[in-house]
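The values are calculated or read from the model by the stated rules, or taken from the named source; none is laboratory data. Since the model is a prediction, treat every value here as computed from it, not as a measurement. Quick reminder, even Gly has a Cβ in these numbers, built from the backbone with ideal geometry, and neighbours come from all protein chains shown.
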Amino acid sequence: MITVSGRRFHLRGANYSYVFEADGAGYLLHLYFGRRIADEDISFLAAPCFLSFSPEPPDALSPAFSLDTEPQEYGCYGQGDFRRPALVFVREGGRASNLRYEGYELTSDAVPAGLPHVRGGETLAVKLRDTLADVRVTLFYTVNDDSDVLVRHAEIEAGEDLVLERVFSFSLDLPAGDYDVLRLHGRHLAERIPCRTALGHGLCRIESSRGASSHQMNPFLAVMGRDASEDSGDVYGFGLIYSGSFALEAERCQTDVRVQGGLNDLGFSWRLKKGEVFTAPQAMLAWSSSGMGGLSRVYADFFRTHILPPERVFSPRPIVINNWEATYFDFDTPALLKLIDEAAALGIDTFVLDDGWFGARSDDHRALGDWYVNCEKLAGGLDPVIAHCKERGMKFGLWFEPEMISENSDLFRAHPGWAVGTPPRCKSRDQYVLDLSRPEIVDYIYNCMAKLLQLHDISYVKWDMNRHLTEFCGEKSGGREGEFAHRYMLGVYALAERLAKNFPGVFFEGCSGGGGRFDAGMLYYFPQFWTSDDTDPFERAKIQWGTSYAYPMSAMSCHVSASPNHQTGRETLLSARGHIASLGATGYELDLGKLSAEEKEAVKAQIIAYREVEDLILRGDLYRLSDPFGSNVFAELAVSKDKTRAYAVGMVERFIPSDYNRRLRLKGLDENKRYHVRELGLTLHGSTLMHAGLLLPKLHDLETWVWHIEQV
């Protein structure tokens, strides 16, 4: 709901209020973000506050008024606000800007062109003009009554030639106080590790400058009171609907805390000619009074309702067998047919052919970009494999890495200037990146993929990206290298949009060396993303735990792989691998022919068990019960919306002799309902399960358990 009273704006979601106003001089001041409040005048919260050395703008309404101390909605540069600005541009007259309120409009159609975006909602567009330059800024606020997520972005319209040096999607100033910040950092094979620290005075900035949101830092930041916990306290979340180089900042200043973010301004510049408009990506601002757990559930619901592809979000997911860890590059048609036979006998419904099926691709040093079938390796091409899948009642999927090119490839030999950068270029995994900032290259890759999808019955595509950008220019950058990172990302989105739109029957899964681009931007096109290349269940429990802070379980692609694990060498039980994988869109990635008869029966049972709880993974609320980063136990609980069913999964890191610290309290149930815990044979009230708890089973190192809980 959006209410406008004069020049005061009150935005309300399911439980929050967000209030700001334009004062008499036209400065846009932030007043409140938090629990719902009455719709009344709270402009007193922005009363002028005199501080020494805080300058007054020339037309201040009060001698105590200073942009240095007032809470802003979108800070600008060079008029006495010494906090980090949201917008910086340079023009013939300099860099200073002074944004003033000009008007507003309400709309239900404020989609940022060429960018992934929230689906649905009512949008407020607040128009600002710059008194020092011929520039107009529009701030967009999208509200959904069913959610506690507010979506913001900005547009810059040039009335004169200028160069943008920073354009953040949002900015707001929270009241002064002691806050903590939580970020999700990591690396390849260890993505989205939660890190909570105190927000000290000065700047906390997280970013990626890799041309991708990255394994190393996710585009999500939480700001919370020091007393906030997993289950209580006010928490603010800030996530970007963007997949490229980004920055998010929390700056603790003398009077407040400024939080803002969007495109990474490191190396960024964007020329705007008179009459041109630049649109920043959308950002998701969320609030919860129920701690990090509550914030996570707010985001999960929002993703499922307003971000993920609506035609896929709640439908049963393909249970795939991916041949990568079974064969790597060493396969031919008979080997694949054998794997398909094994998979079909176990109840797996989709076979995905990974890297190595195209061009002269016999290893990872060649042929990226040559998207035609290697018929020497696959006798008869893809059709015999696809036909065999159909005969066994299975669907067929194919791996692509559409953004990449090998130096040793037909494509590079024909078009060496299509690679990002100019010689000498950095290599990573012996490959270069295609310059998708150029529409003709996007067209070429689209046509290659579309031809294969048209000629063959392909129902599943795994889109991979296995290196980051090092050079931010191309053969035709023409002195506009500062625009390259964002233009590249716009090319990626254009390719994904065309494929998803023109092949609605294909299920697209994202991947980037595992979880290197696990973000809201890619999830707009792909209903699930490969969570990490590390499929060790002990490591995956941690990775999935961290991912759940900002993303829903249903978006996590989670596979059962071989033991010893190919990434860690660790040996684990098949049951443990299956249980952890069941907390996301499950699948398999191993040589099924090497399983014993007993293990094959176990896989059959795992698939049946997953289908039993899949609706909880797709639709349910996740409650994190025991933190694997701070304890010996990992445990999570998925609860149905009507609180009639629940599914718990846990893992013990190591066996501790004489350990009697074994109580685990459940969450999210109805205190007054009675529930039966299938594996324990217990029937208890929700109040007992949540406050008294259950005893953990006595398990050895890296063993797991599950509890199926149903209302009686």
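For segment 126-135, indicate whether the set of residues that are buried (at least 16 other Cβ atoms within 10 Å of the Cβ), charged (D, E, K, R) and not in a strand (DSSP E or B) is non-empty.
Within segment 126-135 (the criterion being buried (at least 16 other Cβ atoms within 10 Å of the Cβ), charged (D, E, K, R) and not in a strand (DSSP E or B)), the answer is no, since none of the residues qualifies.
So is G13 under 27 Å from A247 (Cα atoms), of a type outside the set (A, V, I, L, M, F, W, C) and surrounded by fewer than 15 Cβ atoms within 10 Å (Cβ to Cβ) or not?
Working: under 27 Å from A247 (Cα atoms): yes; of a type outside the set (A, V, I, L, M, F, W, C): yes; surrounded by fewer than 15 Cβ atoms within 10 Å (Cβ to Cβ): no.
In short, no.
With the requirement that a residue be under 25 Å from the mean Cα position of the chain (by Cα) and among the hydroxyl-bearing types (S, T, Y), what does segment 91-149 give you?
Matches in segment 91-149: S108, T123, Y141, T142, S147.
State whether the residues of segment 76-84 include one that is touching a residue at least 12 places away in the same chain (Cβ under 8 Å), part of a strand (DSSP E or B) and among the basic types (K, R). First the steps, then the outcome.
Just the residues of segment 76-84 that are touching a residue at least 12 places away in the same chain (Cβ under 8 Å), to begin with: 76-84.
Those left that are additionally part of a strand (DSSP E or B): none.
Looking through segment 76-84, none of the residues is touching a residue at least 12 places away in the same chain (Cβ under 8 Å), part of a strand (DSSP E or B) and among the basic types (K, R).
Does any residue of segment 261-278 turn out to be among the aliphatic types (A, V, I, L, M), within 30 Å of M224 (Cα to Cα), modelled with pLDDT of 95 or more and crowded, with 19+ Cβ neighbours inside 10 Å?
There is at least one residue in segment 261-278 that is among the aliphatic types (A, V, I, L, M), within 30 Å of M224 (Cα to Cα), modelled with pLDDT of 95 or more and crowded, with 19+ Cβ neighbours inside 10 Å.
So which residues in segment 302-333 are of a type in the set (D, E, K, R) and under 13 Å from G120 (Cα atoms)?
In the first step, residues of segment 302-333 are kept if they are of a type in the set (D, E, K, R); the result is 304, 311-312, 317, 325, 330, 332.
If the condition is that a residue be of a type in the set (D, E, K, R) and under 13 Å from G120 (Cα atoms), then R304 is the only one that fits.
What are the residues in segment 664-696 that are part of a loop (DSSP other than H, G, I, E, B) and either free of Cβ contacts under 8 Å to residues at least 12 places away in the same chain or more than 20 Å from A609 (Cα to Cα) (or both), if any?
Keep residues of segment 664-696 that are part of a loop (DSSP other than H, G, I, E, B), which gives 665-673, 678-681, 693, 696.
Correct list: R665, L666, K667, G668, L669, D670, E671, N672, K673, G681, G693, L696.
Any residue in segment 69-82 that is under 30 Å from F526 (Cβ atoms) and not β-branched (V, I, T)? Let's see the steps before the verdict.
First, pick out the residues of segment 69-82 that are under 30 Å from F526 (Cβ atoms): none.
Scanning segment 69-82, I find no residue that is under 30 Å from F526 (Cβ atoms) and not β-branched (V, I, T), so the answer is no.
Report, by residue number, each residue of segment 537-559 that is in a loop (DSSP other than H, G, I, E, B) and more than 14 Å from V313 (Cβ to Cβ). Break it down stepwise before answering.
The initial filter retains those residues of segment 537-559 that are in a loop (DSSP other than H, G, I, E, B), namely 548-552.
Hits for segment 537-559 are S548, Y549, A550.
Yes or no: segment 216-232 includes at least one residue that is of a type in the set (S, T, Y), surrounded by 20 or more Cβ atoms within 10 Å (Cβ to Cβ) and in a loop (DSSP other than H, G, I, E, B). Please lay out each step first, then the result.
First, the residues of segment 216-232 that are of a type in the set (S, T, Y): 229, 232.
Checking which are surrounded by 20 or more Cβ atoms within 10 Å (Cβ to Cβ) leaves us with none.
No; the residues of segment 216-232 include none that is of a type in the set (S, T, Y), surrounded by 20 or more Cβ atoms within 10 Å (Cβ to Cβ) and in a loop (DSSP other than H, G, I, E, B).
Going through segment 296-323 one residue at a time, which ones are assigned to a helix (DSSP H, G or I) and either among the basic types (K, R) or in contact with a Phe, Trp or Tyr (Cβ under 8 Å, 6 or more places away or on another chain) (or both)? Even if it seems obvious, please write down each step before you answer.
Just the residues of segment 296-323 that are assigned to a helix (DSSP H, G or I), to begin with: 296-307.
Listed by number, the residues that qualify are S296, R297, V298, Y299, A300, F303, R304, I307.
I need the full set of residues from segment 338-372 which are outside any loop (DSSP other than H, G, I, E, B) and surrounded by 18 or more Cβ atoms within 10 Å (Cβ to Cβ), in order please. Don't jump to the end; show me each part of the working.
Let us first name the residues in segment 338-372 that are outside any loop (DSSP other than H, G, I, E, B), namely 338-346, 350-353, 358.
Hits for segment 338-372 are L339, I340, E342, A343, A344, L346, T350, F351, V352, L353, F358.
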